Each structure stands twice: as structure tokens, then as C-alpha cells.
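The values are calculated or read from the model by the stated rules, or taken from the named source; none is laboratory data. Everything numeric here is computed off the predicted structure, so don't read it as measured data. Note that each Cβ is placed from the backbone with ideal geometry, even for glycine, and that neighbours are counted across all protein chains shown. We work out accessible area using only protein heavy atoms, side chains counted, and drop any ligands, DNA or RNA first. Shrake-Rupley method; radii C 1.70, N 1.55, O 1.52, S 1.80 Å.
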Amino acid sequence: SVKIPTHIAIQMDGNRRWGRKNKGDSLEGHKQGALTLKKILDHCNKIGIKVVTVYALSIENLQRSKEELACHFNLHKKYIKKWILDADDFVKNKTRFRVLGRRELLPKDEQELINEAEEKTKKFSDHFFNVCIGYNGQDEIVDAVKSIVNKGVKSGEVTRALLKDNLYTRDIPPPDMMIKTGMNPEKRVSAFLLYDIAYTELFFSPTLWPDFSCEELDSLIAEYNQRMRRFGR
């Protein structure tokens with residue numbers, strides 16, 4: 001029988017390339033990518049994946065054009081409203097929504113919607129949907145170290161467990177699988193969940209994110225089942 005991973009992390013790469021190729025406008029790819037995300041998230045819930053973490057916007061992406069950032073922020077707000085605040089899908093599936101990253105870098109109105117959506121879903125623990133926005137895995141480690149230093153911890157008391165307790169992902173298990181789409185032939189982790197992916201199985205797909213399907217996810221999970229995870233032992 002197929003073993004379903006507990007936690008899948010996804011880097012949704014290739015939206016702009018898809019937009020240019022299919023619509024003559026890179027921003028259209030982000031719009032299509034959002035629809036793909038909902039479809040994949042619903043499928044993950046259906047097949048019993050407990051935790052889904054996606055990389056939506058890195059700190060580096062915040063250097064992009066005003067027009068593109070406006071498109072991102074508007075999509076975030078639109079779908080937080082549509083999927084979580086105005087609908088009861090997340091309540092029905094008992095899914096807890098969280099944003100990981102430096103949210104103070106986001107527009108105020110988006111921060112407010114994020115807080116509202118987190119508040120609405122905070123008591124759920126059947127499923128977890130984490131979105132990395134204003135995120136970079138190196139900065140996550142820097143923020144964890146700052147928080148440990150601020151607590152006055154002595155160097156001899158610093159452990160892996162303590163570091164994990166100060167990450168954004170403090171109460172989220174490490175991913176079993178990390179999938180990055182739009183990779184052909186590149187293979188890179190792009191500072192995603194750097195501390196947590198130490199023993200994660202990595203998958204690189206040439207499919208541009210808007211074209212990523214539930215069938216491809218199922219086939220990657222089947223491949224995951226063929227791999228031996230030894231955790232260095």
C-alpha cells in the first residue's frame with residue numbers, strides 16, 4: 001500500500017514563464033498558479049496529507065516590479081478572503097492556516113487579513129496549510145538565533161531542539177517531500193525551509209506550476225515510496 005507522507009513542501013516555480021508562454025503576460029501565470037494551488041491543496045486533504053507548506057514569495061521577490069508585487073499582494077488578499085474568510089472549506093476540513101516569514105514587510109491590509117484568517121482557523125489540527133511569504137530560510141535561521149540570544153541562552157545550552165523551537169516552523173514537523181516545479185534542468189532549493197529539509201526527499205519537476213496536476217503529485221508520491229529514507233543511519 002502507498003505510504004502517504006505527513007508533510008509536503010512545494011515551491012511553486014514557473015508561473016511567470018507559463019504566463020508569457022500561454023497568455024503573453026507573465027502576471028497571468030500567477031493568477032493561474034493560484035487556481036492550481038487550491039486544486040492541489042484539496043487533493044492533499046483528500047488523500048490524507050496532514051501538512052502542506054508552500055513558498056509563495058521570498059524576501060528577494062520583494063525586489064520585483066511594483067506591478068508584479070501588486071499582482072501578488074492582490075492575489076494573496078483575494079484568496080485569503082475567498083478560501084478562508086468568506087467560505088467554510090478550511091473550517092470543514094479543520095485546516096489551520098498560517099503565514100511564515102517576515103510579514104511586517106507586507107502591506108498593512110494584507111497583514112490584517114492574514115491575522116484574521118489565522119485567528120479563524122487557529123484551533124484546528126487535522127490539517128495545516130502554511131504559506132511562506134516574505135520568507136527566506138537563511139533569514140529564518142538568523143531570526144531564530146536572534147531570539148535565542150535575546151533570551152540570554154548560554155552557548156552550552158544551545159541544541160538542535162532549541163534552534164527548532166525558535167524557527168517559524170517550531171511546531172511543524174520537517175517535510176517528508178519537497179517538490180520544486182519549473183526546474184529544467186536546474187536543481188536548487190532556493191533557501192526554502194533550509195533547517196528543516198536536512199533529511200527531506202527532494203523532487204524537481206520540469207512542469208511549470210500552473211500545469212502541475214494531482215496525477216503528477218500522485219506519481220511523485222509513488223516515487224517517494226520507492227526511496228529508502230535512512231536519516232543517515
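Run the dipole for the stretch 103-158 about the Cα centre, Lys and Arg Cβ at +1, Asp and Glu Cβ at -1, nothing else charged, and hand back the magnitude in debye, nearest 20.
Dipole of the stretch 103-158, to the nearest 20 debye: 300 debye.
Heavy atoms only, probe 1.4 angstrom, no DNA, RNA or ligands counted: give me THR53, THR207 ranked by accessible area, highest first.
If we order THR53, THR207 from most to least accessible, we get THR207, THR53.
Using a 1.4 Å probe on the protein heavy atoms only, what accessible surface does ARG16 show? Give it in Å² to the nearest 10.
The value for ARG16 is about 80 Å².
Heads up, I need the accessible area for PHE203: 1.4 angstrom probe, whole protein in place, Å², nearest 10.
Estimated to the nearest 10 Å², PHE203 gives 10 Å².
Residue farthest toward the positive end of the dipole of the stretch 1-61, with Cβ of Lys/Arg at +1 and Asp/Glu at -1: which of LEU27, ASN15, SER1?
Farthest towards the positive pole: SER1.
What value, in deg cm²/dmol to 500, does the helix sum -39500 (n - 2.57) over DSSP H runs of n ≥ 4 give at 222 nm once divided by the residues of the chain?
Rounded to the nearest 500, the figure is -13000 deg cm²/dmol.
With every protein chain kept in the model, how would you rank GLU116, GLU215 by accessible area, 1.4 Å probe, largest at the top?
Sorted by accessible area, descending: GLU215, GLU116.
If you take the square roots of the eigenvalues of the alpha-carbon gyration tensor of the stretch 48-161 and sort them as a ≥ b ≥ c, do you get rounded (a/c under 1.5), prolate (a/b over b/c) or oblate?
Oblate is the answer for the stretch 48-161, as a/c is 1.5 or above yet b/c matches or exceeds a/b.
Please name whichever of PRO206, TYR195, THR95 sits farthest to the positive end of the charge dipole of the chain, dipole taken about the Cα centre and charges placed at Cβ: Lys and Arg +1, Asp and Glu -1.
Most positive-ward Cα: TYR195.
Please state the relative contact order of the stretch 37-188 as a whole percent: Cα pairs under 8 Å, 6+ residues apart?
27
If you take P(r) over Cα pairs in 5 Å bins from 0, in percent from the coordinates, which of [x] 1, 7, 16, 21, 22, 18, 10, 4, 1, 0, 0; [y] 1, 6, 13, 17, 20, 18, 13, 7, 3, 1, 0, 0; [z] 1, 6, 12, 16, 17, 16, 12, 9, 6, 4, 2, 0, 0 do you get?
[y]
If TYR168, TYR135 are ordered by their accessible area, calculated over protein heavy atoms with a 1.4 Å probe, which sequence runs from highest to lowest?
TYR168, TYR135
Given a 1.4 angstrom probe, what's the average accessible area per residue across the stretch 114-178, in square angstrom?
52
Simple spin-label model, 7 Å along Cα-to-Cβ: ASN74 to LYS123 in nm?
About 3.6 nm, to one decimal.
For the chain, which whole percent of the accessible surface, found with a 1.4 angstrom probe, sits on carbon and sulfur atoms?
C and S fraction of accessible area: 51 percent.
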